[in-house]
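Just below is one structure, and these are the notes that go with it.
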Amino acid sequence: MTNTATMKIADQEYSLPIIEGTEGERAVDITKLRNQSKGCITYDPGFGNTGACKSDITFIDGEKGILRYRGIPIEELAEKSTFTEVAYLLIWGELPNEAQRKAFSELLTDNALLHENLKNHFEGFPWNAPPMAMLSAMINALSCYHLELAAPCAILLEEAATKLISKVRTIAAFSYKMTRGEPFIYPDPNRRYVSNFLHMMFSLPHDTYEAPPIVAQALDKVLMLHADHEQNCSTSTVRMVASAEANLFSSVSAGVCALWGRLHGGANMAVIEMLESIREGGLSIKKCVELAKDKNSDFKLMGFGHRVYKNFDPRAIILRKTCEELFAAIKHQDPLLDIARELEEAALNDSYFVERNLYPNVDFYSGIILRAIGIPTNMFTVMFAIGRLPGWIAHWREVNEDTSMRIARPRQIYCGYQKRAYVPIEQRP
Ligand code: CMC
């Protein structure tokens with residue numbers, strides 16, 4: 001196969017190299033096009049056809065519904081691994097051996113506490129502050145408390161990464177406690193990652209919450225399935241901020257803001273709001289599907305569709321099964337699960353969704369699991385952020401270690417006014 005592409009602009013031909021990834025993905029390398037063509041750039045709003053970097057972390061084949069972290073299929077990881085092991089895999093590139101796993105786990109345990117002054121920042125937020133706003137602000141505030149780790153380089157990454165992965169749970173749980181007016185519950189060093197989080201969320205000073213193992217396992221799986229998804233909006237944000245040599249905490253804080261949006265991580269809340277609305281009679285399943293198809297309405301079927309997957313999202317398949325197993329084990333019932341199943345069936349049998357390859361994505365079932373665990377809806381996107389953290393850290397590391405990376409700086413096609421004169425205020429219409 002030829003390894004160059006020819007581009008013809010007016011009468012001039014340009015020979016552009018084709019680069020190929022390990023899974024056969026190909027890209028036309030246009031890095032020299034602007035110089036060679038004296039000013040011509042490519043135009044790709046939304047970056048649907050743009051490879052912004054080379055990456056070794058996650059592989060997705062959207063047509064076949066394949067997702068692999070560092071080469072390992074997500075289905076295998078979901079069956080055999082844990083969130084913290086996957087975090088290690090994503091950040092360091094290999095599964096940990098026993099000594100590495102133990103050391104990583106100890107670092108997570110040792111770093112769970114927040115600086116007492118940092119804890120006081122919560123008092124500055126109103127009781128009804130959105131948890132994602134608090135999360136982003138508090139992660140950025142970590143830069144103030146760990147100045148040595150806020151350096152714009154990867155030297156102390158192990159320490160910074162474990163601090164972040166461990167403390168993010170404490171921040172999330174404390175923000176929940178703050179909104180409820182309940183006392184903060186400190187992390188317990190004898191608990192594993194997820195059960196410690198659930199303890200900080202749901203224990204009270206006089207009443208210790210013990211999560212049933214199946215509940216902790218389900219949440220562990222939710223986090224693991226969110227752990228990375230290559231160049232999505234929030235990860236690209238982290239990479240872009242990192243490319244300016246911003247520190248890990250501030251880069252990740254920016255990623256949290258991007259994730260907050262309804263079309264990205266915020267969709268898990270929006271799905272539940274949509275299902276609630278159907279349950280309460282504000283919407284019917286038929287109306288939901290009709291509205292989603294109506295181009296004059298901005299309504300979308302939340303939890304459906306994906307920029308990359310044009311087949312089933314493999315994470316949604318695992319989560320649907322996890323949801324059913326959890327519900328059976330804890331004898332939980334939720335009318336929203338029945339509504340979700342019916343809605344899924346209606347959409348999958350509708351030509352609009354079939355023709356556009358719109359399938360349930362990771363957010364369609366995650367919210368129903370989180371509800372069953374007792375996580376309030378406004379914390380769903382925070383759970384996504386805790387899960388996505390290892391991926392963001394791995395990408396931050398990749399940007400920092402790639403000596404060929406330049407600051408991310410897209411160009412534009414300017415479509416505004418051409419040069420014109422300044423009009424004094426008394427002459428303006
Ligand atoms: N409901 C109705 N129509 C849809 C939907 C939807 N959920 N998703 C896509 N479409 C339509 C879209 O309007 C377009 O129609 P047409 O060809 O007639 O113009 C067609 O399907 C193709 O859309 P697309 O180009 O594949 O969509 P995109 O890549 O621009 O957007 C998306 C991807 C995820 C933002 C979009 O599917 C969406 O808004 N879904 C609902 C929100 C959601 O569930 N987001 C979570 C995504 S997964 C987790 C994450 O990454 O955060």
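The values are calculated or read from the model by the stated rules, or taken from the named source; none is laboratory data. None of the values given here were measured: they were computed from a predicted structure. Ideal geometry is used to build each Cβ from the backbone, glycine not excepted, and the neighbour counts take in all protein chains shown.
Some notes on this structure:
- Restricting Thr84, Thr2, Thr22, Thr50 to residues that are assigned to a loop (DSSP other than H, G, I, E, B) and either at pLDDT below 95 or in contact with a helix residue (DSSP H, G or I) (Cβ under 8 Å, 6 or more places away or on another chain) (or both) narrows the list to Thr2.
- Residue ranges of helices (runs of 4 or more DSSP H) in segment 335-375 with at least 3 members surrounded by 24 or more Cβ atoms within 10 Å (Cβ to Cβ) and under 20 Å from the mean Cα position of the chain (by Cα): 362-373
- Flag for Glu290 being among the acidic types (Asp, Glu), surrounded by 14 or more Cβ atoms within 10 Å (Cβ to Cβ) and more than 19 Å from the chain's Cα centre (by Cα): yes
- Top-ranked residue of segment 389-428 - restricted to ones that are closer than 12 Å to Thr235 by Cα and among the aliphatic types (A, V, I, L, M), ranked as surrounded by the fewest Cβ atoms within 10 Å (Cβ to Cβ): Val399
This table checks each residue for (1) in a helix (DSSP H, G or I); (2) of a type in the set (A, V, I, L, M).
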{"site": "Val256", "(1), (2)": "yes, yes"}
{"site": "His264", "(1), (2)": "no, no"}
{"site": "Met269", "(1), (2)": "yes, yes"}
{"site": "Glu273", "(1), (2)": "yes, no"}
{"site": "Glu276", "(1), (2)": "yes, no"}
{"site": "Leu283", "(1), (2)": "no, yes"}
{"site": "Lys287", "(1), (2)": "yes, no"}
{"site": "Leu291", "(1), (2)": "yes, yes"}
{"site": "Lys295", "(1), (2)": "no, no"}
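- Index of the failed condition, Ser251 passing every other in (1) among the small types (Gly, Ala, Ser); (2) in the same structural domain as Glu159 (by TED's automatic domain parsing); (3) within 15 Å of the ligand (Cβ to nearest atom): (3)
- Tally, over segment 106-128, of residues that are surrounded by 16 or more Cβ atoms within 10 Å (Cβ to Cβ) and in contact (Cβ under 8 Å) with a residue 24 or more places away in the chain: 10
- Qualifying residue in segment 62-69 (condition: surrounded by fewer than 18 Cβ atoms within 10 Å (Cβ to Cβ) and over 19 Å from the mean Cα position of the chain (by Cα)): yes
- Filtered residue count, segment 209-248, keeping only those that are in a loop (DSSP other than H, G, I, E, B) and more than 14 Å from the ligand (Cβ to nearest atom): 8
- Selected residue (only one of Lys300, Lys295 is near the ligand (Cβ under 8 Å from one of its atoms) and either on the phi > 0 side of the Ramachandran plot or exposed (fewer than 14 other Cβ atoms within 10 Å of the Cβ) (or both)): Lys295
- Condition met for Asn247 (farther than 26 Å from Pro126 by Cβ, modelled with pLDDT under 95, under 22 Å from the mean Cα position of the chain (by Cα) and of a type in the set (S, T, N, Q)): yes
- Residue list for segment 171-188, filter: in a helix (DSSP H, G or I) and in contact with a Phe, Trp or Tyr (Cβ under 8 Å, 6 or more places away or on another chain): Ala172, Ala173, Phe174, Ser175, Lys177, Met178, Thr179
- Output for segment 70-103, where each listed residue is among the hydrophobic types (A, V, I, L, M, F, W, C) and surrounded by fewer than 20 Cβ atoms within 10 Å (Cβ to Cβ): Ile72, Trp92, Leu95, Ala99, Ala103
- Residues in segment 303-323 that are in a loop (DSSP other than H, G, I, E, B) and in contact with a Pro (Cβ under 7 Å, 6 or more places away or on another chain) were compared, and the one that is farthest from the ligand (Cβ to nearest atom) is Asp313.
- Any pair with Cβ under 6 angstrom, 6 or more apart, that starts in segment 22-49 at a residue that is in contact (Cβ under 8 Å) with a residue 24 or more places away in the chain and of a type in the set (A, V, I, L, M, F, W, C) and ends at one that is surrounded by 10 or more Cβ atoms within 10 Å (Cβ to Cβ) and part of a helix (DSSP H, G or I): Ile41/Arg34
- For segment 8-30, a tally of residues being more than 23 Å from Lys64 (Cα to Cα) and either loosely packed, with under 11 Cβ neighbours inside 10 Å or not assigned by TED's automatic domain parsing to the domain that holds Thr50 (or both) returns 5.
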